[in-house]
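Visitor: I am attaching a structure below and will ask some questions about it afterwards.
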Amino acid sequence: MSIQKQLKDDFPADFLWGASTSAFQVEGAANEDGKGVTVADLRSQKSKYIDTSVAADHYHHVEEDVALMAELGLKSYRFSISWARIYPHGNDEEPNQKGIDFYNKLINLLVKNKIEPIVTLFHFDCPEDLVKQYGGWANRKAIDDYYRYAKTVFEQFGDRVKYWLTINEQSLIANVPAMNGINDTDMHRLREKGENSNYNMFLAQAKVYSLCHKMFPNSKIGPAVSYMTNFPYDHTSANALKSKSMEDMISFIDMDVALRGELPSYYLRYLKDSNITLDVHEGDAEILQNGRANFLGLNWYSTSVFKLSNEESPKMLDGVISNVEKVRDDRLMNSEWDFSYDPVGLRFALQKVNDRYPNIPIIITECGWPEREELEDGKVHDSKRVKYLNGHIYELREAIKDGVNVISFNPWSFLDLLSVNDGMDKRYGLVFVNRDNNSERDMKRYPKDSFYFYQKVIATKAKNVTKLEIDE
Ligand code: BG6
């Protein structure tokens, strides 16, 4: 075989063209059929937008939604299971049968339509009762409760699910502990709790990787990592180092632990400098060493440019993002919410990941464009999203040709959903959901222009994807 033949020149035939959502952002039915309250429910109630009680009402539209996925031609669908639908208090004696029934229904519909389920076990929605009982993820007790929940989920659905994601964007919820329901008035104590929650999530995941390999040796499991590619504002080494350190601390940390089985030295130095102590027990190192992921899930939206500043970032905790300022690049198309359109950045990011972990299988678990949108005669002309998809799929193919082992692409999001920070104002969906922040209207679904564009991508194996002038 010649050397060239080892390289792929296009998307592989079994490439999983998918789309993505998460439970609290689409399901609604937040208080139905025995589901317990989660930190995401409470967080949404405090926002100025709608809460999780109805969201996109996917819970009651599941047949219709899967029929739309089939019409789109999806080969995979990435969604999350709500822990509190299975164990309403996080660690009840018995699981909630109605919760299991709902996910059985969804998974069976997907399987019937030949759509591969890619299932996230935990996406920002810790059962609130675990926070009340013992402080949630900041306490090591959460490791056993998550493990038990995962075991139940594997027992119930593992015969039909081949791809599992353990925790969505762990570094984000560790750096913003309130996302896990963890609070403290003392900033140092809060950081310490946040880092202990991080450590406990690493241990819990490692145990669950091992469990999954044991129960289903042919299944694949990995983390869903937030990968924001950072570029320095200028050529100074200080700016370049800061932007690299941010990538390490926000993104590569989750990948390093999942694939190398130990806490990286840059993280240990950060803990030491910050005077943070982890609750480490004997045997932890072996747990991390023994439990490894098979692939990486990457949530990738855009590139960012940062420069050093004297201002502390008000958004994140000190340490991880501090003394930096995000700079908007006006040469790029920018969304209202600061996301930029920079598809070559995706190829760059994938090359970097592949350099660090050669040939690791990669699933793009999120990638999407936010817009404010309204129906126009039953249609939504989301031309910027079409452009975004076109550009990113073009660069994805280039990355595959470079030799990166990408196996699936799941844009965010299949349906319009409740944005974590901006309610229904900020829409990502391929399918419009007819509601807004003020009214539930009729909740009808309308495929947008991007739906039809992506449908053609899937049907033609991306032959309709072209290089746009802006990318050149
Ligand atoms: C990712 C999350 O961080 O970003 C999603 O996994 C989220 O849950 C997405 O919706 C976009 O963020 P936002 O705040 O616009 O919803």
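Visitor: How long is the gain from K456 to T152 if the chain were fully straight, where each residue apart is worth 0.36 nm and the alpha carbon distance is subtracted?
Guide: 105.6 nm
Visitor: Given N residues in the stretch 16-460, what is its alpha carbon radius of gyration divided by 2.2 N^0.38 Å?
Guide: Cα-based Rg divided by the globular estimate yields 0.92.
Visitor: Sticking with this structure for a sec: Test of understanding: extend the Cα→C-beta vector of H60 to 7 Å, then name every residue of the stretch 430-446 with backbone N under 15 Å from that spot.
Guide: 434-436, 439-445
Visitor: Averaged over every viewing direction, what's the projected area of the C-alpha convex hull for the stretch 223-378? Give it in nm², one decimal, please.
Guide: It is 12.5 nm².
Visitor: Describe numerically, in nm with one decimal, the distance between label points set 7 Å from Cα along Cα→Cβ at D33 and at K463.
Guide: The modelled label-to-label distance comes out at 4.1 nm.
Visitor: Find, among the GluC sites (Glu not before Pro) in the stretch 358-441, those assigned to loop by DSSP (not H, G, I, E, B) with at most 16 other beta-carbon atoms within 10 angstrom.
Guide: Within the stretch 358-441, the qualifying GluC sites (Glu not before Pro) (loop, at most 16 other Cβ atoms within 10 Å) are E374, E440.
Visitor: Which residues in the stretch 355-374 have a backbone N closer than 20 Å to a point placed 7 Å from the Cα of D449 along the Cα-to-Cβ line?
Guide: 368-374
Visitor: Write out the trypsin sites (Lys or Arg not before Pro) in the stretch 94-150 meeting two conditions: DSSP loop, and at most 11 other Cβ atoms within 10 Å of their Cβ.
Guide: K114
Visitor: Can I ask one more? Consider a paramagnetic label point 7 Å from the Cα of K162 along Cα→Cβ; state which residues of the stretch 331-374 have an amide N under 16 Å from it.
Guide: Backbone N within reach: 361-364.
Visitor: If you take the beta carbon distance between Q45 and D234 as r and set R0 to 51 Å, what does 1/(1 + (r/R0)^6) give as a FRET efficiency, to the nearest 0.05?
Guide: Approximately 0.75, to the nearest 0.05.
Visitor: Shape verdict for the stretch 80-192, please, from the Cα gyration tensor: rounded (a/c under 1.5), prolate (a/b greater than b/c) or oblate.
Guide: Prolate shape, in that a/c is at least 1.5 and a/b is the bigger ratio.
Visitor: Another question, then. Which lysines have a Cα less than 18 Å from the Cα of K401, not counting those fewer than 8 places away in the same chain?
Guide: K401 reaches K5, K8, K352, K461, K463, K467.
Visitor: Additional query: Suppose only helical runs count, i.e. DSSP H with n ≥ 4. What mean residue ellipticity at 222 nm does that imply for the chain under -39500 (n - 2.57) per run, divided by all residues and rounded to the nearest 500 deg cm²/dmol?
Guide: -12000 deg cm²/dmol
Visitor: Also, quick follow-up: Can you pull the percent of Cα pairs in the stretch 378-472 with separation above 15 Å?
Guide: Counting every Cα pair in the stretch 378-472, those more than 15 Å apart make up 65 percent.
Visitor: For the stretch 159-300, how big is Rg over Rh, using alpha carbon atoms and the Kirkwood form of Rh?
Guide: Expressed as Rg/Rh, it is 1.00.
Visitor: Check T166: other-chain or 5+ apart residues with amide H under 5 Å from its amide H, H built from backbone geometry?
Guide: The answer is L121, G222, A224.
Visitor: Compute the FRET efficiency between R331 and D402 as 1/(1 + (r/R0)^6), taking r as their Cβ-Cβ distance and R0 = 22 Å, and round to the nearest 0.05.
Guide: 0.35
Values quoted throughout were computed directly from the atomic coordinates according to the rules given, and no laboratory measurement underlies them. Keep in mind the model is a prediction, meaning the values are calculated, not measured. Quick reminder, even Gly has a Cβ in these numbers, built from the backbone with ideal geometry, and neighbours come from all protein chains shown.
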